[in-house]
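Below is one structure, written out as structure tokens; comments come after it.
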Amino acid sequence: GAVVSQHPSRVICKSGTSVKIECRSLDFQATTMFWYRQFPKQSLMLMATSNEGSKATYEQGVEKDKFLINHASLTLSTLTVTSAHPEDSSFYICSASPADYGYTFGSGTRLTVV
Amino acid sequence: GQQLNQSPQSMFIQEGEDVSMNCTSSSIFNTWLWYKQDPGEGPVLLIALYKAGELTSNGRLTAQFGITRKDSFLNISASIPSDVGIYFCAVTQGGSEKLVFGKGTKLTVNP
């Protein structure tokens, strides 16, 4: 149990376009989900906390208008990278925590902006 | 924010050897977690520690929550090639569910 599915696994987009990444909890409900960003050979950095039915909470330095988060249901959170630029190229990972199990991560999305 | 000092940064070992890595902090935490990340994948939880002094095993992996609540170590016994990857320690931040990660230990196992 406690599976988090993330889609797509890889995406290449042109500069100036927007990209949507989905994160789903498959066998549990998640009122809270988390979005992380990981640059090559670096650790995971928390970008924002996604809250079902309310606004996301962004970490300091993360542009909320750049990284739009929507948590419309108890099993789905989406991250939209708007007007993407090459510097937005990174590995984006979501996570959720079913009760008493710890924190389960999705398999990540490799975004390349060309 | 809180910083976790994870060491070593990388390790190159022979198959069959034991491995030890650790994380320290100047702050006290109530939860220590150890994750493994394979290339192009999300981290996978290996061991979760919730009590100071707790020693927990998961197969060949053993982790301990330091008695001061400021550190934790992870040991891997009799390493095998599939142990290759990056190992991260993580703690929960304050009273929230937010995770703060160490910088990772990259493990290479030579057959």
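Residues in segment B:47-72 that are at the interface with chain A (Cβ under 10 Å from one of its Cβ atoms) and either in contact with a Gly (Cβ under 8 Å, 6 or more places away or on another chain) or in contact (Cβ under 8 Å) with a residue 40 or more places away in the chain (or both): B:Ala48 only. B:Ala78 satisfies every condition listed in (1) in contact with a strand residue (DSSP E or B) (Cβ under 8 Å, 6 or more places away or on another chain); (2) assigned to a loop (DSSP other than H, G, I, E, B) except (1). Looking at B:Gly40, is it more than 14 Å from chain A (Cβ to nearest Cβ) and outside any strand (DSSP E or B)? For B:Gly40, the condition - more than 14 Å from chain A (Cβ to nearest Cβ) and outside any strand (DSSP E or B) - is not met. Checked against the criterion of being more than 14 Å from chain A (Cβ to nearest Cβ), under 19 Å from B:Gln9 (Cβ atoms), under 14 Å from the mean Cα position of the chain (by Cα) and crowded, with 18+ Cβ neighbours inside 10 Å, segment B:78-91 has at least one qualifying residue.
Would you point out the residue of segment A:3-22, among those that are crowded, with 19+ Cβ neighbours inside 10 Å and at the interface with chain B (Cβ under 10 Å from one of its Cβ atoms), that is farthest from B:Val91 (Cα to Cα)? By that ranking, first place goes to A:Gln6. Looking at A:Ser43, A:Ser18, just one residue is over 30 Å from B:Ser10 (Cα atoms) and not β-branched (Val, Ile, Thr), and that residue is A:Ser18. Of all residues in segment B:43-75, those being assigned to a strand (DSSP E or B), surrounded by fewer than 19 Cβ atoms within 10 Å (Cβ to Cβ) and of a type outside the set (A, V, I, L, M, F, W, C) number 6. Checked against (1) out of contact with any strand residue (DSSP E or B) (no Cβ under 7 Å at 6 or more places or on another chain); (2) at pLDDT 95 or above, A:Ala72 passes all but a single condition, namely (2).
Sort out which residues of segment A:19-65 are of a type in the set (A, V, I, L, M, F, W, C), over 15 Å from B:Glu97 (Cα atoms), in contact (Cβ under 8 Å) with a residue 24 or more places away in the chain and part of a loop (DSSP other than H, G, I, E, B), and write them in order of number. A:Leu26, A:Phe28, A:Phe39 - these are the residues of segment A:19-65 that are of a type in the set (A, V, I, L, M, F, W, C), over 15 Å from B:Glu97 (Cα atoms), in contact (Cβ under 8 Å) with a residue 24 or more places away in the chain and part of a loop (DSSP other than H, G, I, E, B). Of the residues making up segment A:70-109, just one is outside any loop (DSSP other than H, G, I, E, B), within 9 Å of chain B (Cβ to nearest Cβ) and over 11 Å from the mean Cα position of the chain (by Cα), namely A:Thr104. Total residues in segment B:73-111 satisfying the condition of being touching a residue at least 60 places away in the same chain (Cβ under 8 Å) and in contact with a helix residue (DSSP H, G or I) (Cβ under 7 Å, 6 or more places away or on another chain): the figure is 3.
The values are calculated or read from the model by the stated rules, or taken from the named source; none is laboratory data. Just so we're clear, the structure is a prediction, and the values are computed from it rather than from any experiment. All Cβ positions, glycine included, derive from the backbone under ideal geometry; neighbour counts span all protein chains shown.
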